[in-house]
Each structure stands twice: as structure tokens, then as C-alpha cells.
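A.B. asks: Here you go, one structure.
The values are calculated or read from the model by the stated rules, or taken from the named source; none is laboratory data. Bear in mind the structure is a predicted one, so any value in this text is a computation, not a measurement. All Cβ positions, glycine included, derive from the backbone under ideal geometry; neighbour counts span all protein chains shown.
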């Protein structure tokens with residue numbers, strides 16, 4: 001009696017895919033981004049996680065500060081960009097980047113220091129150019 005045995009190869013183990021937890025998307029507040037950029041140029045971009053863009057806006061504002069109207073254009077662009085970028089991040093049109101609280105605070109501190117130095121220089125120029133009063 002002849003029996004034929006057929007052996008089947010065991011099925012290859014299928015990979016087990018476990019669902020990875022998805023990091024919660026951090027919602028951006030467009031109003032906060034615009035207000036930060038309104039008072040401190042580039043800080044709205046830092047709030048949106050685009051620190052280098054914020055640095056560029058701040059440097060652009062400083063460089064153009066002695067050319068009429070150009071600083072206003074750079075400043076308005078910064079406010080507009082901060083607002084629209086945060087809206088696009090919330091809609092998923094562009095990737096959302098985590099907010100760096102340190103970067104936002106650094107922008108504010110640096111701009112306060114720049115303002116103090118600027119006003120001290122202007123004050124020194126005014127006081128140094130005025131004739132002394134003698135009694």
C-alpha cells in the first residue's frame with residue numbers, strides 16, 4: 001500500500017502591527033501669534049515654531065529701520081504671516097511645529113534689550129549734541 005503524504009509549508013508569520021499612539025496636535029492660536037508679532041517682531045513666528053523665520057523678520061526690521069516705510073511693511077508682514085501660518089497649521093495645510101516657550105521668551109527679552117539700547121543711544125546723541133547750560 002502506497003500512501004502519498006503531502007506536506008504544506010507552515011504559513012509565514014504575519015507581522016503584527018500595533019497602532020502607535022499619535023501625538024496630540026498642538027492647536028495654535030492665530031490671535032496670540034498675531035499679538036505676539038504685533039508687539040515683538042518675530043515672536044509670533046517663534047510661537048508657531050518657526051524660530052529662524054522670526055529671526056529673519058527681526059533682523060530685517062532692524063536693518064531697514066532707517067529706510068522710510070520699509071520697517072512698517074516688514075512689521076505688518078510679520079503680523080500677517082504669524083496669523084496665517086498658525087491658521088494653516090490648525091487646518092493641517094502645513095505641518096504643525098511645537099511651540100518653544102523658551103524661543104518666545106527669548107524674542108521678547110532680546111527685543112526689550114534692543115529697545116533699551118536704542119533709546120539710550122538716541123538719548124546720548126540728544127544730550128551730547130545740545131549745548132550745555134551754564135548758570
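Here's the yes/no breakdown for (1) closer than 22 Å to residue 118 by Cα; (2) at pLDDT 80 or above; (3) assigned to a loop (DSSP other than H, G, I, E, B):
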residue	(1), (2), (3)
8	no, no, yes
17	no, no, yes
61	yes, yes, no
65	yes, yes, no
85	no, yes, no
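A.B. asks: Let me confirm something: among 110, 79, 104, which residue is more than 11 Å from the chain's Cα centre (by Cα) and closer than 13 Å to residue 45 by Cβ?
C.D. replies: Numbers: 110 fails: closer than 13 Å to residue 45 by Cβ; 104 fails: more than 11 Å from the chain's Cα centre (by Cα).
Among 110, 79, 104, only 79 is more than 11 Å from the chain's Cα centre (by Cα) and closer than 13 Å to residue 45 by Cβ.
A.B. asks: Output the residues belonging to the stretch 25-41 that are closer than 15 Å to residue 96 by Cβ and part of a loop (DSSP other than H, G, I, E, B). Walk me through how you get there before you give the answer.
C.D. replies: Our first condition is that a residue be closer than 15 Å to residue 96 by Cβ; within the stretch 25-41, this holds for 25-30, 32-33.
Residues satisfying the conditions are 25, 26, 27, 28, 29.
A.B. asks: Please specify each residue of the stretch 42-59 satisfying the condition of being buried (at least 20 other Cβ atoms within 10 Å of the Cβ), assigned to a helix (DSSP H, G or I) and within 9 Å of the chain's Cα centre (by Cα).
C.D. replies: Initially, the stretch 42-59 is screened for residues buried (at least 20 other Cβ atoms within 10 Å of the Cβ), giving 42-51, 54, 57-58.
Those left that are additionally assigned to a helix (DSSP H, G or I): 43-47, 51, 54, 57-58.
The answer is 43, 44, 45, 46, 47, 51, 54.
A.B. asks: Does residue 69 satisfy the criteria of being farther than 19 Å from residue 32 by Cβ, exposed (fewer than 15 other Cβ atoms within 10 Å of the Cβ) and within 14 Å of the chain's Cα centre (by Cα)? Talk me through it step by step, then tell me what you get.
C.D. replies: Numbers: farther than 19 Å from residue 32 by Cβ: yes; exposed (fewer than 15 other Cβ atoms within 10 Å of the Cβ): yes; within 14 Å of the chain's Cα centre (by Cα): no.
When the stated conditions are applied, residue 69 does not pass them.
A.B. asks: Something else: Would you check if there is a residue in the stretch 95-102 being at pLDDT 90 or above and assigned to a helix (DSSP H, G or I)?
C.D. replies: Looking through the stretch 95-102, at least one residue is at pLDDT 90 or above and assigned to a helix (DSSP H, G or I).
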